[in-house]
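Novice: If you scroll down you'll find the structure; I have some questions about it.
The values are calculated or read from the model by the stated rules, or taken from the named source; none is laboratory data. No experiment lies behind these values; they were computed from the predicted model shown. Please note: Cβ atoms are built from the backbone with ideal geometry, for glycine as well, and neighbour counts cover all protein chains shown. These area figures cover heavy atoms from the full protein model, side chains too; ligands, DNA and RNA do not enter into them. Shrake-Rupley method; radii C 1.70, N 1.55, O 1.52, S 1.80 Å.
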Amino acid sequence: MKFTVGIALSPLEQLPALAKTAEEVGFASIALPDSLFYMESAAAKYPYTADGSRFWGADTPWVDPLIATAAMAAVTTTLRFYTNVLKLGSRNPLLLARQVGSVANLSGNRFGFGVGIGWAPEEFEWCGVPYARRGARVDEMIEVIKLVLAGGMVEYHGEFFDFDKLQISPAPSQPVPFYVGGHTAVALRRAAKVGDGWASAMMTYDELVTTIGTLRELRAEYDRADDPFEIQAVCVDKFGRAGYQDLADAGVTDAITMPWLADGIGFDGPIEAKQESMRKFAAEYITDPIVAAS
């Protein structure tokens, strides 16, 4: 099982140093969150907390994940990066294809595109995109972005997006992996059908086991059971070597962690303390790898 460092809510000036340390001690990837803006009053509840409240405030630092990837890729050589997850619904697919292709090229194909729809009506409406039929719209967006990133002269004529022949160059020299986020039945079906993996938000171990089982059934339904497929998980109740072994045995391929939180260091803690937590974590769990039971 691989381990990924989540950098959500960290001060922006810490990101290059966190990436360099992650690479030095053996983490596989950096997971980058996405938030466009903080609305003072939200029309919808946040779906990944028990009471629907947001666990960040108006002054909490966020960075565009594609720009952050470019900055961190510039100071590393082997570390991978993926969005966890970028909210597609409020954005334009052609602009995103240009950005994703640029990041893939500049990073040497070390980027994976984790995608979701987005939960906040304001992010759609205030960016000029209707909130209604957002799922169908995102399905077309994924088709458009994959089509353009494959290279060459392409055209698309769908319900939401329509364009004649165009080409964005250079195309990435390797396919960009698409990881689909979301916990709903529709999201899981989307991941099984078109994704190279699935990304969780915060879930319990039991919830993960059930979801992974559902994904296996759906992938078999789409005749994709033997295709490589990542399970990127944020588990809230399995820790320690035995806990991570349970996750690996359940089918998790990539555990997303924030080692400093386990040491009582906050999101805005000093960089030196975070780096020390990463070194301790790597010595305990990465130097002696955790392998799923066959």
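Novice: Is segment 73-92 home to any residue that is under 26 Å from A44 (Cβ atoms) and touching a Cys at 6+ places or on another chain (Cβ under 6 Å)? If you could, list the steps in order and put the result at the bottom.
Specialist: First, pick out the residues of segment 73-92 that are under 26 Å from A44 (Cβ atoms): 82-92.
When the remaining residues are screened for being touching a Cys at 6+ places or on another chain (Cβ under 6 Å), the result is 90.
Yes.
Novice: Let me ask something else about it. So which residues in segment 21-55 are loosely packed, with under 15 Cβ neighbours inside 10 Å and of a type in the set (S, T, N, Q)?
Specialist: Within segment 21-55, S41, T49, S53 meet the criteria.
Novice: Check segment 114-124 and report whether any residue there is acidic (D, E), within 16 Å of F178 (Cα to Cα) and outside any loop (DSSP other than H, G, I, E, B). Give the steps one after another, and end with the answer.
Specialist: The first filter runs over segment 114-124 and keeps only residues acidic (D, E), leaving 122-123.
Narrowing the set further to residues that are within 16 Å of F178 (Cα to Cα) leaves none.
Checked segment 114-124: no residue is acidic (D, E), within 16 Å of F178 (Cα to Cα) and outside any loop (DSSP other than H, G, I, E, B).
Novice: Continuing with the same structure: Would you check which residues across segment 28-58 are of a type in the set (F, W, Y) and out of contact with any strand residue (DSSP E or B) (no Cβ under 9 Å at 6 or more places or on another chain) and list them?
Specialist: The initial filter retains those residues of segment 28-58 that are of a type in the set (F, W, Y), namely 37-38, 46, 48, 55-56.
Passing the criteria: F37, Y38, Y46, F55, W56.
Novice: Is it the case, given these coordinates, that T69 is closer than 17 Å to G108 by Cα, hydroxyl-bearing (S, T, Y) and in contact with an Asp or Glu (Cβ under 7 Å, 6 or more places away or on another chain)?
Specialist: On the way: closer than 17 Å to G108 by Cα: yes; hydroxyl-bearing (S, T, Y): yes; in contact with an Asp or Glu (Cβ under 7 Å, 6 or more places away or on another chain): no.
No; evaluated as a whole, the condition is false for this residue.
Novice: Let me ask something additional. Looking at (1) farther than 20 Å from E272 by Cα; (2) assigned to a loop (DSSP other than H, G, I, E, B); (3) in contact (Cβ under 8 Å) with a residue 12 or more places away in the chain, which is the one condition that is false for A70?
Specialist: All conditions are met except number (2).
Novice: Out of curiosity, is T78 open to solvent by 70 Å² or more (accessible area, probe 1.4 Å), polar (S, T, N, Q) and at pLDDT 95 or above? Give the derivation first.
Specialist: On the way: open to solvent by 70 Å² or more (accessible area, probe 1.4 Å): yes; polar (S, T, N, Q): yes; at pLDDT 95 or above: yes.
Judged against the criteria, T78 is a match.
Results for (1) open to solvent by less than 30 Å² (accessible area, probe 1.4 Å); (2) among the polar types (S, T, N, Q); (3) modelled with pLDDT of 95 or more; (4) in contact with a strand residue (DSSP E or B) (Cβ under 9 Å, 6 or more places away or on another chain), shown as yes or no for each residue.
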site	(1), (2), (3), (4)
A201	yes, no, no, yes
E217	no, no, yes, no
D226	no, no, yes, no
G269	yes, no, yes, no
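Novice: While we're looking at this one, here's another question. Please specify each residue of segment 248-267 satisfying the condition of being under 16 Å from A282 (Cα atoms), touching a residue at least 60 places away in the same chain (Cβ under 8 Å) and in contact with a Lys or Arg (Cβ under 8 Å, 6 or more places away or on another chain). So that I can check it myself, show each step before the final result.
Specialist: In the first step, residues of segment 248-267 are kept if they are under 16 Å from A282 (Cα atoms); the result is 254-263.
If we keep only those that are touching a residue at least 60 places away in the same chain (Cβ under 8 Å) as well, we get 254-259.
Answer for segment 248-267, where residues must be under 16 Å from A282 (Cα atoms), touching a residue at least 60 places away in the same chain (Cβ under 8 Å) and in contact with a Lys or Arg (Cβ under 8 Å, 6 or more places away or on another chain): D254, A255, P259.
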